[in-house]
Every structure is written in C-alpha cells, then in structure tokens.
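Quick notes on the structure that follows.
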Amino acid sequence: MAESREYISREEELGSVNISEEVLAAIAGAAALETEGVSALGSGLGSDVAAMVHRKVLSKGVRVSVDEDRVSVDISLMVRYGHVVPDVARSVQDAIVSAVENTSGLQVDCVNVTVAGVSFPK
C-alpha cells in the first residue's frame, strides 16, 4: 500500500480538488453504520446517537489507504446479535464501495472488514 497522505489531490478542468483521507474514512464509516446489523465502529461497546454526528466518531475503526486514484479501506466493527456475520460484512463492503466511489470519484480496490465483536440488546 502507498504511504499515508493527508490529502488526495486531483487536477480537474477548473482547478485542483483535494480530498482528505479523513473525509473518505468518515464516508466509509457512515456507510457502515447505516448497514443493517452493524451496531458500532471499532471495537468499542457502542456510542450514543448524539456523538454520531462528529466526523471523528464516523472514522473510528476505519483506515483508508490511497494509491493513485484507488482506495483500500480497512474497517473494524461490532455486529448486532442475531445477524449473520458474513452477510453483514458483505453488506458493509457493498455499502462502502458504493458510498466512496459515488462521493469521491475514486475507485475502491478492497474493503477489509474485521468483526471485532457482537453487541447484545440491553
């Protein structure tokens, strides 16, 4: 993988476009959190709804690497009890690919999902 850069720069017709890797991580995290069966990002025990609006929370447990115009995403998450883990992981992969490609114009090479645990109802 390429060394970590803070911004991905692209020259466009009207000038340059700079996208922060943190923004790509937040996009990937938001897509994962919207997936049925995902309870939290990272290996934490969850987070409250108010904290979800902060970009740092959305990128917790997400690592993005960019090589040229190709993106690799590593994400760690918690799955809700009762959901089929491989199905949730595949849905997360699909959601992240779609979200990152549609919002950034960059191609996603891979999305590696690590299921760090299972959350149980309170």
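Just to be sure I understand: of the beta bridges DSSP finds with both ends in segment 7-119, what percent are antiparallel, rounded to 5?
60
Taking the number of Cβ atoms within 10 Å of each Cβ as an exposure proxy, the fewest-first ranking of 63, 70 is 70, 63. When each of the peptides 15-22, 105-112 is scored by the mean number of other C-beta atoms lying within 10 Å of its residues, the order from highest to lowest reads 105-112, 15-22.
Values quoted throughout were computed directly from the atomic coordinates according to the rules given, and no laboratory measurement underlies them. This structure is a prediction, so every number in the text was calculated from the model and none was measured. A quick note on method: Cβ atoms are made from the backbone with ideal geometry, for glycine too, and the neighbour counts reach across all protein chains shown.
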